[in-house]
Each structure stands twice: as C-alpha cells, then as structure tokens.
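Working notes, beginning with the structure itself.
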Amino acid sequence: MSNASFHGKAAIVTGGANGIGRCIAKRLSSLGVQVHVIDTDKEAGEKSGLSFFHGDIADKGTLDRFIGALAGSVDIIINNACVSRRGLLSGCSYEDFEYVLRIGVTAPYYITSALLEKGMLSQGASIINIASTRAFQSQEDTESYSAAKGGIAALTHAMSVSLAGRARVNSISPGWIDTSRYHESGKVCEWSSQDKSQHPVMRIGEPEDIASMALFLCSEEAGFITGQDFVVDGGMSKLMVYHGDHGWSYDTEKDK
C-alpha cells in the first residue's frame, strides 16, 4: 500500500486510546492520516500523541460535541469501541444491556448519519466496523457483548447498500487478540503452547493483524470490496474440537 493513498486524509477511531483501536490509530497516523480519537480513557488518550477527545460515545450529546469539533470532512471511520456488561448469568440489567448496544451499534450508526447529514463524509470514504467472532460463537454469560457484535456485523452490510457510490463499508471479526502491548500498563502476557496450538497458525493474534486488514480495506486496493465481514482469528473458529482430542476434556461437573 502506498503512503500517498492515505496522506492528508482524516480518520475517526472510536476506542482508540488502547488495544486494537490504538494500534490502528497509530498505523494510520504513521501514513500521514490526521487521526481523531474518542475514548473514555483520558490518561491514555492524552499520551497517544493523536488528536484526542475525551468522552463516552454511548451519549448522543458527547457524539454531537465530538463531531462539532471536527474541521473538514472525514475519509475513514474505524468503529472500534465496545464493552461488555456480561449477560444472563450475572444479572446484566436492561440498562447495562442497552448501554453496550449504544456503544457497539447505535454510536457507529449515528456517527455516520451525522457526518452524512452535515456533508462531512467524504466521497469514497471507507468505514470499518470492528465486529468479533463472538457474533457467531459464544461463551456463557456474554449476551451483551455478543449482541453488540452481531448487531454491528449486520449494520455493516445494511450501511454498505445505503451508502453505495458514496462510501465502502466493511467489518473485521477478530478472534483471540493479545492487546496487552497496547495498554498503558505495558504488561506483556505469556501464553502457553496449548493456547497457541488452538490456532491453526500456532500463535495468538496481535493488534497488528487487525490493523493490517483495516489498512488494506481502507486503501484503494480494496476498491471493489464492500459489505463484507473478514474473520481474522488464526483459523481458531474453523478448528473442530471433540472431547478427548489432544488431551482436551469438557468438564461437566457443574451440571451434576
């Protein structure tokens, strides 16, 4: 990918102070993109060296102020922010569930809608929604997060049709990604050989794996791609595991 195809463009990255969002924001900035990050982590955001707006995207007023503070049009939107407030087994309330959906689904919709209404969404813009393999496979007690990720995956193809000829819209579904190096704590996780071997590529994912896909999808080289979801999980979701495989056993003790 040529730096020239990115230089001088403007991008929004939600949840860009840490983790995958931070990695994508840094990569875009290194290519000459003016990156505008919005995040609730004020300390990490202010240390990022990027244009930073402190706020919670679950709040419409915050989004209005953020968009109002932008100068000029936006070429790239990375809808990365999401949280989990767990699910049925831990008493996730109506308010908790709704809050997660506001961050993970409503805010991505509203940001695009507001930019479009104000004439600030560039012709030929690229929108990348960070979904998750949790949209189609789950652990127990993850309903709030899984619903948000399933919602943004569906929102992706709907928006791609509505914005045909104006913007391309795609999503990325990360699997197991070790984001520890992209947090202020700087703590690096050590993974076991068993953790790694659950992935056909024999390693845990890194934020750079997601950032590389995001940059490709934002580039002119992906000009014929829209409305698609790209699973980046090292093949983990394709590996069938049976009780007794490779010494793995399913503990049903809790059901007794």
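The values are calculated or read from the model by the stated rules, or taken from the named source; none is laboratory data. Worth saying up front: this structure is predicted, and the values here are computed from it rather than measured. All Cβ positions, glycine included, derive from the backbone under ideal geometry; neighbour counts span all protein chains shown.
Here is a list: S212, S197, S193. Which entry is under 30 Å from S113 (Cα atoms) and either of a type in the set (F, W, Y) or out of contact with any Gly (no Cβ under 6 Å at 6 or more places or on another chain) (or both)? The conditions single out S212.
Considering the stretch 122-155, the residues that are of a type in the set (S, T, Y) and in a helix (DSSP H, G or I) include one that is modelled with the lowest pLDDT, namely T133.
Of note, G32 does not satisfy the criterion of being at pLDDT 95 or above, on the phi > 0 side of the Ramachandran plot, within 18 Å of the chain's Cα centre (by Cα) and of a type outside the set (V, I, T). So S84 clears everything in (1) over 30 Å from S138 (Cβ atoms); (2) surrounded by fewer than 24 Cβ atoms within 10 Å (Cβ to Cβ); (3) in contact (Cβ under 8 Å) with a residue 12 or more places away in the chain; (4) not basic (K, R) except one condition, right? Which one? Unmet condition: (1).
Checking each residue in the stretch 208-241 for being farther than 20 Å from I12 by Cα, surrounded by 14 or more Cβ atoms within 10 Å (Cβ to Cβ) and of a type in the set (V, I, T) picks out I225, V231, V232. Of the residues making up the stretch 206-229, just one is farther than 24 Å from G165 by Cβ and in a loop (DSSP other than H, G, I, E, B), namely E206. The residues listed here are M240, M202; of these, the one that is of a type in the set (A, V, I, L, M, F, W, C), in contact with a Lys or Arg (Cβ under 6 Å, 6 or more places away or on another chain) and at pLDDT below 90 is M202. Listed conditions (1) in a helix (DSSP H, G or I); (2) touching a residue at least 40 places away in the same chain (Cβ under 8 Å); (3) buried (at least 19 other Cβ atoms within 10 Å of the Cβ) are all met by D96, apart from (3). When we screen R168, R203 for residues that are surrounded by 18 or more Cβ atoms within 10 Å (Cβ to Cβ), touching a residue at least 24 places away in the same chain (Cβ under 8 Å), among the charged types (D, E, K, R) and not in a helix (DSSP H, G or I), the only hit is R168.
In the stretch 70-81, the residue that is farthest from G150 (Cα to Cα) out of those that are of a type in the set (G, A, S) and in contact (Cβ under 8 Å) with a residue 60 or more places away in the chain is G72. Whether a residue is under 24 Å from A214 (Cα atoms), of a type in the set (S, T, N, Q) and in contact (Cβ under 8 Å) with a residue 40 or more places away in the chain was assessed, and S113 does not pass this test. A count restricted to the stretch 42-55 and to residues that are surrounded by fewer than 20 Cβ atoms within 10 Å (Cβ to Cβ) and either touching a Cys at 6+ places or on another chain (Cβ under 7 Å) or touching a residue at least 40 places away in the same chain (Cβ under 8 Å) (or both) stands at 2. The test for being more than 25 Å from S5 (Cα to Cα) and either touching a Phe, Trp or Tyr at 6+ places or on another chain (Cβ under 9 Å) or modelled with pLDDT of 95 or more (or both) does not hold for G119.
For the stretch 4-52, which positions are assigned to a loop (DSSP other than H, G, I, E, B), over 25 Å from G175 (Cα atoms) and of a type in the set (A, V, I, L, M, F, W, C)? Passing the criteria: F6, L31, V33, L50. Within the stretch 105-157, if we keep just the residues that are among the basic types (K, R) and under 30 Å from S73 (Cβ atoms), the residue that is nearest to the chain's Cα centre (by Cα) turns out to be K149.
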